[in-house]
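To keep things clear, I will list the structure first and then write my remarks on it.
Please treat every number below as a calculation from the coordinates, not as lab data. None of the values given here were measured: they were computed from a predicted structure. Please note: Cβ atoms are built from the backbone with ideal geometry, for glycine as well, and neighbour counts cover all protein chains shown.
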Amino acid sequence: MLFNSYVFIALFLPATLIAYYLVHHHKAKRLAVLAAASFIFYGYWDYRLLPLFTCSILGNWLIALWYAQTLRKSLITGGIVFNLLLIGIFKYADFLADSVAWVAAIERTPWGIVLPLGISFFTFQQISFLADLKKNPENFRPLGEYALYVSFFPQLIAGPIVRSSEIMAQYDLDPVRPGFYERLSKGTMLFIIGLMKKVLVADPLASIASPLFDRAAQSGSILFCDAWLASINYTVQLYFDFSGYSDMAVGLGLLFGYQLPYNFNIPYISKSISEFWLRWHMTLSRFLRDYLYIPMGGSRYGLTRQMVVLFITMFLAGLWHGAGWTYAVFGVMHGLALCINHLWRRSGCRLPAPLAWLVFMSFFITSLAVFRSADIATAMVMVRSMYGLDGLTMASIGGYNEGLLIAGVLIAMVGPTSQDVVTQKLRPHPALAVAFSLAAIYTVLTIGNHGYSEFIYFQF
Amino acid sequence: MGIRNLFTSNSSFTWKVYWKGFVALSLLLCLFIYSAFYLIDPYNCYPFSIKAPRAPVSSDARYFHTMLARSKAFDSAIIGASTARELRPVQLNPLFQSRFANLSFNAASAYEQSKMLSLFVDHHQAIKTVIWGLDFVWYKTEDTYTKFARPDEDFPEWLYSADCWKHPMSFNLKNFEHSVNQLWYMLGFKHFKYGLDGYTTYARRSMSLDEKRLRIYGSTTPLEKRVADPEIAMSAEQRAALVFPAEAILRSSLERLPANTEKVLFFVPYHFYHQPPDGSYEAQVIQEFKRRVSLLVQHFPKTHLLDFMIHSDITTTDPYYLDKVHTTVEGGAVIARDIYRSTRAKASIEGRVHYLGQIQNLYR
């Protein structure tokens, strides 16, 4: 069930809200309603995925229970390995076997393992729970609460990746507490803004970028300016798609009385790769820092180790996005860029801010061209064309929406962020109610025109 | 009430008032829009709408031709893409003793055309005649076939379902825009140029011969047709291996038509300059598709198959064309007349059209 689908907006969400608030004063009941709704939400995609999802939750909770009773640290290690095995089998088995077969020049038929939706997100969330439990065993929670922590539908499929300490403490709070209407209002505003980002900006931009990437994949060539047009469109599309989803997730959280962490903070204003990762997909960056980079040594064992750790972290981050070599190369590019950026900063050199921004954005757009390409060969075609290695032909297919693209670039670069506008700036006002109501209806009507498309991060 | 107020506190308008106002307004607006859709009913498919005359109020034929396909005012249909748009029902009606609706529309894919025909069949028990123009979307091979000719342009599938009025996708911006236009039409405030029988000329303005030639040849002087270079000789096995995904669509569409409906399929008359040269791969693909369709129509009674996509007096007469594929009003009239003459004579007309289909049980 997609957040931008009619069944979600007109049926699932209102029904869940009504059921939830009918029992709001009773903690166990309201959490049960949310957990049940979340399982329905997940099963709606494909009910055959539910057994694996349920087993994963149950398995992790049993490990946590065992640990809470015995405090045997090997259990946590075992639990993390269990999670990595699960994601390894379902997400990477075919990819690894294909890669081995390619190296050995062997023909193989893919096993065709179905990728369970959101496995990257709910696996990370469970790893984070186990790792945190190791430090604070008293954070162990009953099965119902744990199941809701993993399955909570606003952030189940594509984050934000929530730490147990951030959300579980809120379970005890009655959602109809002071600030109830403000949370409902702001949650709705964020949801509408996210929906607008997806439907009115990201989807139209996708209709420009996707055919160009497809053409590059099919024909093995693309013109210089079309390569840039495709990549810039995709860069803006990705921001609006993913930040739109994140706004909707945070907004939905607020509707149920929970504050979820924010994921974006005007990332395209960044003047360096390190600044970018503090502003982009912030909950993933935080996860990578706390559960990979620091445990592997971080900056504690000298520069060389730090560089290696940084590189490995970003390589794994690239692979986390998908089982494909384009994602691996994306991770390598970002790992190398972070290392170079770190050395550059240590050297004390500085670029003028506009130049630094230009250098970073050129790099980032190039890395996204690789990320978006269907395969390495297409990525090579895109990058070669972008840097004029296949000529500098300026003729374009035309027909792109310059106005939308420019508006998108400006919003993505300058901000403000949705959360800043909604939580800090807006105050209750009749005109605001009218504006959001009209915006919501216009956006929903637009969905009816084009149908709804998946969010990009759902595939990860 | 300035915009500045949106960012300042107003003690009387609390979040509670905001929320209730927002929810009430949104629900009211939804109710109002839905009611408007059902009452105005721009596509004339809802059961409880206002009884008033309706018209195609926009060029969105994918939407408005559904209204004509449901209408009992017609007992015959013209199906196809833009290349069939110049067939005028007023010319064909007396010839075929039928009441035609021209349900063809621009850039219609094979799938979209079949959906339009299905809708017409669903709403008519006795169908007299169906004339169907076959253009390039039908002989696309496996690699090039697409379900929708314009993936970026929406095909409203919901409008082609029997219970379209229940469909949630009816809540959309097009419906809103069309409802407003339809309301204006009902109130007599606005008139639209789109024909009530589906015919709206493709030729929006008159063109000089030079202008037409410029569009046909890219030059005001007629050019020699290119020759196949190199010529390709496809073996029988290669031709048999060609896969035309639209062939199955055509078969299932013909199966849906009543046995006593007269069916006229014709390959549209692309200008000869733009027909692939003999000996080229494309020409042989088209030839193979024509052969397949001529075999297919053997299985369906009262079916004619005509081929205008040939070297003929029509396809070499520049004044009949607006561009390389679309004919003028005059060109359309010539084709309509030749369709009639050829089907009634059950034979080719020398230098104009090839008769490819069987007709032995046409009048049983």
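Can you run phi through the Karplus equation (6.51, -1.76, 1.60; θ = phi - 60°) for the stretch A:272-279 and list ³J(HN,Hα) in whole Hz, with x for Gly and Pro?
7, 5, 5, 5, 4, 6, 8, 10
Å³ per residue of the Cα convex hull, for chain B?
Numbers: hull volume 73.8 nm³, N = 364.
Per residue, the Cα convex hull of chain B comes to 203 Å³.
Please state the shape class of the stretch B:220-331: rounded when a/c is under 1.5, otherwise prolate if a/b exceeds b/c and oblate if not, all from the C-alpha gyration tensor. Intermediate values should be presented prior to the final figure.
Working: a/c = 2.94, a/b = 1.27, b/c = 2.31.
Note, shape of the stretch B:220-331 comes out oblate.
So if I restrict to the alpha-carbon atoms in the protein assembly as shown, what is the Rg, and what is Dmax, the biggest pairwise distance, in Å?
Reported Rg and Dmax, both Å: 31.5, 96.
Classify the stretch A:329-441 as rounded, prolate or oblate, taking a ≥ b ≥ c as the square roots of the eigenvalues of its Cα gyration tensor: rounded when a/c is under 1.5, otherwise prolate if a/b is larger than b/c and oblate if not. Mind showing how you got there, number by number?
Numbers: a/c = 2.49, a/b = 1.48, b/c = 1.67.
Cα axes put the stretch A:329-441 in the oblate bin.
Could you size up the charge dipole of the protein assembly as shown around its Cα centre, putting +1 on the beta carbon of Lys and Arg and -1 on that of Asp and Glu, and report it in debye to the nearest 20?
Details: 73 positive and 58 negative charges, 392 e Å.
Dipole magnitude for the protein assembly as shown comes out near 1880 debye.
Can you give the calculated 222 nm mean residue ellipticity of chain A, where each DSSP H run of n ≥ 4 adds -39,500 (n - 2.57) and the sum is split over every residue, rounded to the nearest 500 deg cm²/dmol? Write out the running numbers ahead of the final one.
On the way: 20 runs with 297 residues, N = 460.
Calculated from helices alone, the mean residue ellipticity at 222 nm is -21000 deg cm²/dmol.
Let's see if you can work this out: charge +1 on each Lys and Arg Cβ, -1 on each Asp and Glu Cβ, no other charges. What is the dipole magnitude of chain B about its Cα centre, in debye to the nearest 20?
On the way: 42 positive and 35 negative charges, 274 e Å.
The dipole of chain B has a size of about 1320 debye.
So what are the radius of gyration and Dmax for the Cα set of the stretch A:38-114, in Å?
Computed over the Cα atoms of the stretch A:38-114, radius of gyration and Dmax are 16.7, 50 Å.
Considering only DSSP states other than H, G, I, E and B, which chymotrypsin sites (Phe, Trp or Tyr not before Pro) in the stretch A:243-311 qualify as loop sites with at most 16 other Cβ atoms within 10 Å? Don't skip to the end; give the middle numbers.
On the way: sites: A:245, A:256, A:258, A:262, A:264, A:268, A:276, A:277, A:280, A:287, A:291, A:293, A:301, A:311; in loops: A:256, A:258, A:262, A:264, A:280, A:301.
Those satisfying the criteria are A:301.
Rounded to the nearest 20 Debye, what is the dipole magnitude of the stretch B:136-210 about its Cα centre when Lys and Arg each give +1 and Asp and Glu each give -1 at the C-beta?
Values: 9 positive and 10 negative charges, 73 e Å.
The dipole magnitude comes to about 360 debye.
Go ahead and run the numbers for FRET between residue A:11 and residue B:39, Cβ-Cβ distance against an R0 of 22 Å, rounding to 0.05.
Values: r = 24 Å, r/R0 = 1.10.
E between residue A:11 and residue B:39, to the nearest 0.05, is 0.35.
Can you give the calculated 222 nm mean residue ellipticity of chain B, where each DSSP H run of n ≥ 4 adds -39,500 (n - 2.57) and the sum is split over every residue, rounded to the nearest 500 deg cm²/dmol? Intermediate results must be reported in sequence, preceding the final value.
Numbers: 10 runs with 131 residues, N = 364.
Calculated from helices alone, the mean residue ellipticity at 222 nm is -11500 deg cm²/dmol.
Is the shape of the stretch A:6-177 rounded, prolate or oblate, going by the alpha carbon gyration tensor and its root eigenvalues a ≥ b ≥ c, with a/c under 1.5 for rounded and a/b larger than b/c for prolate? Before the final figure, lay out the partial values.
Numbers: a/c = 2.91, a/b = 1.39, b/c = 2.09.
Cα axes put the stretch A:6-177 in the oblate bin.
Residue by residue through A:418-431, how many Cβ atoms from other chains fall within 10 Å of the Cβ on average? Don't jump to the answer; show the numbers that get you there.
Details: counts 0, 0, 0, 1, 0, 0, 1, 2, 3, 10, 14, 12, 10, 6.
Taking the mean over all residues of the peptide, I get 4.
Could you work out how far apart the two model spin labels at residue A:356 and residue B:184 are, taking each label as a point 7 Å from the Cα in the direction of the beta carbon, and quote it in nm?
Each label point is offset 7 Å from its Cα along the Cβ direction, giving 5.4 nm.
For the pair residue A:166 and residue A:458, what calculated FRET efficiency results from E = 1/(1 + (r/R0)^6), where r is the Cβ-Cβ distance and R0 = 25 Å, to the nearest 0.05?
Values: r = 23 Å, r/R0 = 0.90.
Computed FRET efficiency for residue A:458 and residue A:166: 0.65.
How would you rank A:157, A:40, B:127, going from fewest to most other Cβ atoms within 10 Å of each one's own Cβ? Before the final figure, lay out each step's value.
Values: A:157 25, A:40 16, B:127 21.
Neighbour counts put them in this order, fewest first: A:40, B:127, A:157.
Sorted from fewest to most neighbouring beta carbons within 10 Å, what does the list A:177, A:163 look like? Mind showing how you got there, number by number?
Details: A:177 10, A:163 19.
Taking fewest neighbouring Cβ atoms as first place, the list is A:177, A:163.
Report the local net charge at residue B:180: Lys and Arg +1, Asp and Glu -1, summed over other residues whose C-beta lies under 14 Å from its C-beta. Can you show the working numbers first?
Numbers: positive: B:54, B:174, B:190; negative: B:41, B:60, B:177.
Net charge in that neighbourhood comes out at 0.
In 20 Å bins starting at 0, how do the alpha-carbon pair distances of chain A split up by percent?
Histogramming chain A at 20 Å steps yields 23, 57, 20, 0 percent.
Rank B:229, B:60, B:210 by mean-square fluctuation in a GNM of chain B with C-alpha springs under 10 angstrom and give only the top-ranked residue.
Among B:229, B:60, B:210, the largest mean-square fluctuation in the Gaussian network model of chain B belongs to B:229.
Using only Cα atoms and rounding to the nearest 10 degrees, what angle (0 to 90) does helix B:281-296 make with the longest principal axis of chain B?
Between helix and principal axis, roughly 90 degrees.
Quick query: amide H of residue B:309 versus all other amide H atoms, modeled in the peptide plane; which residues come in under 5 Å with a sequence gap of 5 or more or a different chain?
Close amide H contacts, sequence-distant or interchain: B:267.
For chain A, which DSSP H helices look membrane-span-like by this rule: Cα extent along the axis of 18 Å or more and mean Kyte-Doolittle of at least 1.0?
Numbers: long enough: A:27-45 (28 Å, 0.73); A:50-70 (30 Å, 1.08); A:73-87 (22 Å, 1.73); A:119-135 (24 Å, 0.53); A:180-196 (24 Å, 0.84); A:203-219 (24 Å, 0.09); A:224-255 (46 Å, 0.73); A:303-321 (27 Å, 1.34); A:325-347 (33 Å, 0.47); A:353-372 (28 Å, 1.68); A:430-450 (31 Å, 1.35).
Sorted by number, the helices that extend far enough and score high enough are A:50-70, A:73-87, A:303-321, A:353-372, A:430-450.
For peptide A:340-349, what's the mean number of Cβ atoms from other chains within 10 Å of each residue's Cβ?
Details: counts 0, 0, 0, 0, 0, 0, 0, 0, 0, 0.
What the average comes to for A:340-349 is 0.
Hey, which of these cross-link pairs are over 28 Å Cα-Cα: B:140/B:302; B:174/B:263; A:91/A:198; B:115/B:212?
Numbers: B:140/B:302 26 Å; B:174/B:263 33 Å; A:91/A:198 26 Å; B:115/B:212 33 Å.
Table pairs above 28 Å Cα-Cα are B:174/B:263; B:115/B:212.
If r is the Cβ-Cβ distance from residue A:407 to residue A:301 and R0 is 51 Å, what FRET efficiency results, to the nearest 0.05?
Working: r = 47 Å, r/R0 = 0.91.
Calculated transfer efficiency: 0.65.
Tell me the angle of helix B:15-40 to the major Cα principal axis of chain B, expressed in degrees between 0 and 90 and rounded to the nearest ten.
40
Between beta-carbons, use under 12 Å as the cut-off and find the net charge around residue B:300, counting Lys and Arg +1, Asp and Glu -1. Before the final figure, lay out the partial values.
Numbers: positive: B:251, B:256, B:263, B:302; negative: B:255, B:262.
For residues surrounding residue B:300, the net value is +2.
What residue among A:175, B:32, A:410 has its Cα farthest toward the positive end of the dipole of the protein assembly as shown, where the charges are +1 on Lys, Arg and -1 on Asp, Glu, each on the Cβ?
A:175
Given labels modelled 7 Å from the Cα in the Cβ direction, how far is it in nm from residue A:218 to residue B:324?
1.8
Quick one: net charge around residue B:228, please, counting Lys, Arg +1 and Asp, Glu -1 for every other residue with C-beta under 10 Å from its C-beta.
Values: positive: B:226; negative: B:229, B:231, B:278, B:282.
Net charge in that neighbourhood comes out at -3.
Note down the nm distance, to one decimal, between modelled labels 7 Å out along Cα→Cβ at residue B:203 and at residue B:107.
Those two pseudo-labels are separated by 2.4 nm.
Order of A:274, B:253, B:235 from fewest to most other C-beta atoms within 10 Å? Could the numbers behind the result be given before it?
Details: A:274 16, B:253 22, B:235 8.
Exposure proxy ranking, most exposed first: B:235, A:274, B:253.
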